[in-house]
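The values are calculated or read from the model by the stated rules, or taken from the named source; none is laboratory data. Here the structure is a predicted model, which means the values were calculated and not measured. Methodologically, a virtual Cβ is constructed for each residue, glycine included, from the backbone with ideal geometry; neighbour enumeration extends over all protein chains shown.
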Amino acid sequence: MSDRQFASSCLHSVERGSAADVSIAPPLPIKPFIDLQQVSLVYGHGADHTLAVERLDMQIAQGEFVAVVGPSGCGKSTLMKLVSGLTRATTGSVRVRGVAVDDPIDGVGMAFQNPLLMPWRTALGNVTLPLEIIDGRDGRLKHDKAWRKSRALDLLGSVGLQGFENKFPWQLSGGMQQRVNLCRAIVHMPELLLLDEPFGALDTFTREGLWLAMQTIWMAQKFTGMLVTHDLQEALFLADRVYVMSGRPGRTIYEQAVDFARPRSPELLADPSFAALVADLRRVVATANV
C-alpha cells in the first residue's frame, strides 16, 4: 500500500462525525511513571560548558501519552536521553517506575525522524530485530522464530504494509520506512515509547495518516508515550497533555491538558476548540525564548 493509499485508508478508518460532535474526556490522574524533579544538565566543562536544561520538572502517568514542544535547541531531545538513561542528570532527580535512572533502562522503544533501518534487512527483518536482540541477550530463547515473525507481520499489517514485508528499505518510500520504524519500536511491547519527531520529514497527508496509526497502536497497547515535535497540531492531536519548554536552558514553562475523547478523527483539526488550543500553544511557544 502506497503512502497516499495508506493515509487515505486511515482517514476513512476513523468514524467521521461533525466537529461539534467531538466529546470531552476527563483528564488522566497523575501517578508518575516518569518523574523529573529540578533536573539540570551541563555539557562540557569550564568556559566550554553548556547548560542544556535547568530545574526541569515533569511528571507523566503510566499509560499516558505526552507531547513536548518548544523552540529549537531547548533540550527536547536531551530530555529523552535523560528519561531513557542514555545521559545522566548533573543535578536533580530522574525516576522511572519509581526507580532512580542512573544507567540505560529496559523496556523502552525509540523512533526518530530518520528511520535508521538496516539496509541489508527486509522490512520484516528490521521489525524482528529487537526481539532477536532480547532473545539472545541472556542465551535463553523467550520467543521462537515463528512467534517473532507472526508478531512482526501483525504489526506491519496494522500499518498497511501487507505484501511489503520482504522489501528492503531502498524499495520503500519515506512514509513506508517510517511505518517500519514505528513497528520496530513497539514490536517488543515496551512500557515506554520515546518519539523524537518521527513524522517531521513526511508530507502532510502521509503524516496525518501516521498520526491515526500511532493513535490506534497506542490505544491497543497502552504504553507510556513521550513525543517531541515542532508540530503543534500533531502534539495536540496525539497527546493527553502537552508540555512547553523554554529556550536554552530548557525548563518546563507551560502545561496544557488535551481532553478530547479518543479515537480522534481528522475532523478534530477543524474544530474551533481544537484550533483555539493550537493558537494558545503557539502564543506560548512564541514567547518561550523571552
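Summary of values
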quantity	calculated
Options Leu210, Leu141, Leu129; residue that is modelled with pLDDT of 85 or more, in contact with a helix residue (DSSP H, G or I) (Cβ under 9 Å, 6 or more places away or on another chain) and outside the structural domain of Glu64 (by TED's automatic domain parsing)	Leu129
Check on Asp231, surrounded by fewer than 20 Cβ atoms within 10 Å (Cβ to Cβ) and in contact with a strand residue (DSSP E or B) (Cβ under 6 Å, 6 or more places away or on another chain)	no
Residues of segment 253-276 that turn out to be in contact (Cβ under 8 Å) with a residue 24 or more places away in the chain, within 24 Å of Leu36 (Cβ to Cβ) and either outside the structural domain of Gly70 (by TED's automatic domain parsing) or touching a helix residue (DSSP H, G or I) at 6+ places or on another chain (Cβ under 9 Å) (or both), as a count	3
Segment 158-191: number of residues that are surrounded by fewer than 22 Cβ atoms within 10 Å (Cβ to Cβ) and of a type in the set (D, E, K, R)	3
So Arg179, is it free of Cβ contacts under 8 Å to residues at least 60 places away in the same chain and outside any loop (DSSP other than H, G, I, E, B)	no
Yes/no for Leu153 being farther than 20 Å from Lys222 by Cβ, over 17 Å from the mean Cα position of the chain (by Cα), in a helix (DSSP H, G or I) and at pLDDT 90 or above	yes
Any chance Pro115 is touching a residue at least 60 places away in the same chain (Cβ under 8 Å), closer than 30 Å to Arg283 by Cβ and part of a loop (DSSP other than H, G, I, E, B)	no
